[in-house]
Amino acid sequence: MGIYDVDFERGLVVNIAWSGYSAPSQPAFPITQGLTARAIAGVRTVNAGNVADDSGYMTTFDSTRAEIIVPVLAHGHGDLVIGTLDVESEHLNAFDADAQALLEECARVLEAFWAESRLR
């Protein structure tokens, strides 16, 4: 899992925390790339059950088969994406509706905290 900051001024998505067996291979990348770009532009979760079938997927780990990107919105500012939660799995179709709902709730909980930390 990775937590990424979305920096529109610099046009970058930057990893700020991760867990797993190694760091992401791309700790920073342009806002216009990958499944993350789709989540940011659409202001919605992108759930790729098989990344091999998705031309937008940017390889982070060779073992990844499924990925879900959940946008974190600016608390009280509508559709402004300020971050993302990015979870990858070695299993196809790893993120069912319950897993997606849980991650989306985590993103909502992070909204106020994230916005507060940006003001400091």
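Bear in mind these aren't lab numbers, they're just calculated from the coordinates by the rules spelled out. All figures in this text were calculated on a predicted structure; none of them were measured in a lab. For neighbour counting, all protein chains shown are included, and Cβ atoms are generated from backbone atoms with ideal geometry for every residue, glycine included.
Give the distance, in whole Å, between the Cα centre of segment 37-79 and the Cα centre of segment 1-24.
Their Cα centres are 12 Å away from one another.
Among 85, 80, rank each residue by its count of other Cβ atoms within 10 Å, from fewest to most, as a rough exposure measure.
In order of increasing Cβ crowding within 10 Å: 80, 85.
Could you tell me what fraction of 2.2 N^0.38 Å the Cα radius of gyration of the chain comes to, as a two-decimal ratio?
Ratio of Cα Rg to 2.2 N^0.38 Å: 0.99.
Treat the count of other C-beta atoms within 10 Å as a stand-in for reagent exposure and order 86, 79, 5 from fewest to most.
Ascending number of Cβ neighbours within 10 Å: 79, 5, 86.
Taking Cα atoms, how many degrees apart are the long axis of helix 97-119 and the longest axis of the chain, rounded to 10 and kept between 0 and 90?
It is inclined by approximately 30 degrees.
Provide the net charge surrounding residue 88, with neighbours chosen by a C-beta distance below 14 Å and charges set as Lys +1, Arg +1, Asp -1, Glu -1.
Combined, the nearby Lys, Arg, Asp and Glu give -4.
What is the dipole size for the chain, taken about its Cα centre, with +1 at each Lys and Arg Cβ and -1 at each Asp and Glu Cβ, in debye to the nearest 20?
In debye, rounded to 20, the chain gives about 320.
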